[in-house]
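The values are calculated or read from the model by the stated rules, or taken from the named source; none is laboratory data. No experiment lies behind these values; they were computed from the predicted model shown. A quick note on method: Cβ atoms are made from the backbone with ideal geometry, for glycine too, and the neighbour counts reach across all protein chains shown.
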Amino acid sequence: MTRGMKIPLSLCDRTGRLGVPGVFSLFMDMATEHAEALGIGLAPMGERHLFWLTVRTRIRLHRLPALGESVTLTTWPEKAGTLRCDRDYTLAAGEELLAAGKTEWAVLNTETGRPHPMKDVYPEALSAILTDDTVWTEPFAHLREDFSGGESFGTYVVRSTDIDVGGHMNNAAYPRMLLGAFSSRELEEMELREMELCFRAPCYEGEELTLRRRTIDGGLEAAAFRPDGKAALLARLLC
């Protein structure tokens, strides 16, 4: 699925360019739109007591487009595994690749609380044309939950405006929360080129999350912990 658009002011940061959280939002919106077109969107999945879950996602940034710049968004699903599937994304300006992304998805049976087999999710007509095309072949990073050696860099209370139709914190709210813990100067100095998020546990309105980070070669890793001590989010930022 491909569509063109102009970068809106609402998704731009203080530099007048598409913000990093905006990239995540655009990719999620494209996935949602394409799923609806394929007949596996929120409503038809809900009728089957099924719900899409984002397991992890990674974006790579080459150049952030400016306010009003014309861009093209493209997304496609890869061949599915037994319980998970990947979806790819690109953001381009003409022939120039601006950003790319990949998301790993699972499907939850809301009646049983268990993962649902992917072979029963994709329409037969779509399954027949899925390819092995991918934005990159390397696997997602292995992110460790143990942040005992890291430093705390703030807390975040989940707002009502963070909650999505699933009743928990929207996936697109996590990168905004995480990057919002840094100052504008820190973000400029960071020159972020890749960001990967691993979603471990849902968060709900009113919960206070504790943010921790540690330095790694070429960037940093961060995590958000729920009040019960469980990791809600693990992240890797390469700069």
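This table checks each residue for (1) of a type in the set (D, E, K, R); (2) within 21 Å of the chain's Cα centre (by Cα); (3) assigned to a loop (DSSP other than H, G, I, E, B).
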site: Arg144; (1), (2), (3): yes, yes, yes
site: Leu178; (1), (2), (3): no, yes, no
site: Met195; (1), (2), (3): no, yes, no
site: Gly206; (1), (2), (3): no, no, yes
site: Glu221; (1), (2), (3): yes, yes, no
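State whether one or more residues within the range 118-134 are closer than 18 Å to Phe225 by Cβ and either more than 22 Å from the chain's Cα centre (by Cα) or loosely packed, with under 10 Cβ neighbours inside 10 Å (or both). Don't jump to the end; show me each part of the working.
Of the residues in the range 118-134, the ones closer than 18 Å to Phe225 by Cβ are none.
No, the range 118-134 contains no residue that is closer than 18 Å to Phe225 by Cβ and either more than 22 Å from the chain's Cα centre (by Cα) or loosely packed, with under 10 Cβ neighbours inside 10 Å (or both).
Restricting to the range 220-239, give me the number of residues that are touching a residue at least 24 places away in the same chain (Cβ under 8 Å) and surrounded by fewer than 17 Cβ atoms within 10 Å (Cβ to Cβ).
Summing the residues that are touching a residue at least 24 places away in the same chain (Cβ under 8 Å) and surrounded by fewer than 17 Cβ atoms within 10 Å (Cβ to Cβ) in the range 220-239 gives 2.
For residues that are part of a strand (DSSP E or B) and farther than 18 Å from Phe140 by Cβ, scanning just the range 40-74, find the one that is modelled with the lowest pLDDT.
From the range 40-74, those part of a strand (DSSP E or B) are 50-61, 66, 70-74; that's our starting set.
Now restrict to residues that are farther than 18 Å from Phe140 by Cβ: 50-51, 66, 70-74.
On the way: Leu50: 88, Phe51: 85, Ala66: 97, Ser70: 98, Val71: 98, Thr72: 97, Leu73: 97, Thr74: 95.
So the residue we want is Phe51.
So which of Ala93, Ala99 is at pLDDT 90 or above, in contact with a Pro (Cβ under 8 Å, 6 or more places away or on another chain) and small (Gly, Ala, Ser)? Can you show your working first?
Working: Ala99 fails: in contact with a Pro (Cβ under 8 Å, 6 or more places away or on another chain).
Exactly one residue qualifies, and that residue is Ala93.
Is it the case that Leu209 is at pLDDT 95 or above and over 22 Å from Thr103 (Cα atoms)? Before the answer, list the steps.
On the way: at pLDDT 95 or above: yes; over 22 Å from Thr103 (Cα atoms): yes.
When the stated conditions are applied, Leu209 passes them.
Consider only pairs whose beta carbons are under 6 Å apart and that are at least six residues apart or on different chains; among these, list those whose first residue lies in the range 146-159 and is within 16 Å of Ala235 (Cα to Cα) and part of a loop (DSSP other than H, G, I, E, B) and whose second residue is basic (Lys, Arg) and at pLDDT 90 or above.
From residues that are within 16 Å of Ala235 (Cα to Cα) and part of a loop (DSSP other than H, G, I, E, B), the pairs are Phe147/Arg212; Gly150/Arg212; Gly150/Arg213; Gly150/Arg214.
If Arg87 passes every condition in (1) among the basic types (Lys, Arg); (2) more than 30 Å from Glu188 (Cα to Cα); (3) touching a helix residue (DSSP H, G or I) at 6+ places or on another chain (Cβ under 7 Å) but one, which one does it miss?
Condition (2) is where Arg87 drops out.
Out of the range 78-94, which residues are of a type outside the set (D, E, K, R) and either buried (at least 19 other Cβ atoms within 10 Å of the Cβ) or part of a strand (DSSP E or B) (or both)? Working first, answer last.
Initially, the range 78-94 is screened for residues of a type outside the set (D, E, K, R), giving 80-83, 85, 89-94.
Ala80, Cys85, Tyr89, Thr90, Leu91, Ala92, Ala93 - these are the residues of the range 78-94 that are of a type outside the set (D, E, K, R) and either buried (at least 19 other Cβ atoms within 10 Å of the Cβ) or part of a strand (DSSP E or B) (or both).
Go through the residues of the range 142-160 one by one and say whether even a single one is modelled with pLDDT of 95 or more, over 25 Å from Arg193 (Cβ atoms) and surrounded by 14 or more Cβ atoms within 10 Å (Cβ to Cβ).
Going through the range 142-160, the residues modelled with pLDDT of 95 or more turn out to be 155-160.
Then keep just the ones that are over 25 Å from Arg193 (Cβ atoms); that gives 155, 157-160.
Still in the list and also surrounded by 14 or more Cβ atoms within 10 Å (Cβ to Cβ): 158.
Yes, the range 142-160 has at least one match.
Name the single residue that is nearest to Gly22 (Cα to Cα) among those in the range 162-211 being out of contact with any Cys (no Cβ under 9 Å at 6 or more places or on another chain) and among the basic types (Lys, Arg).
The residue in question is Arg176.
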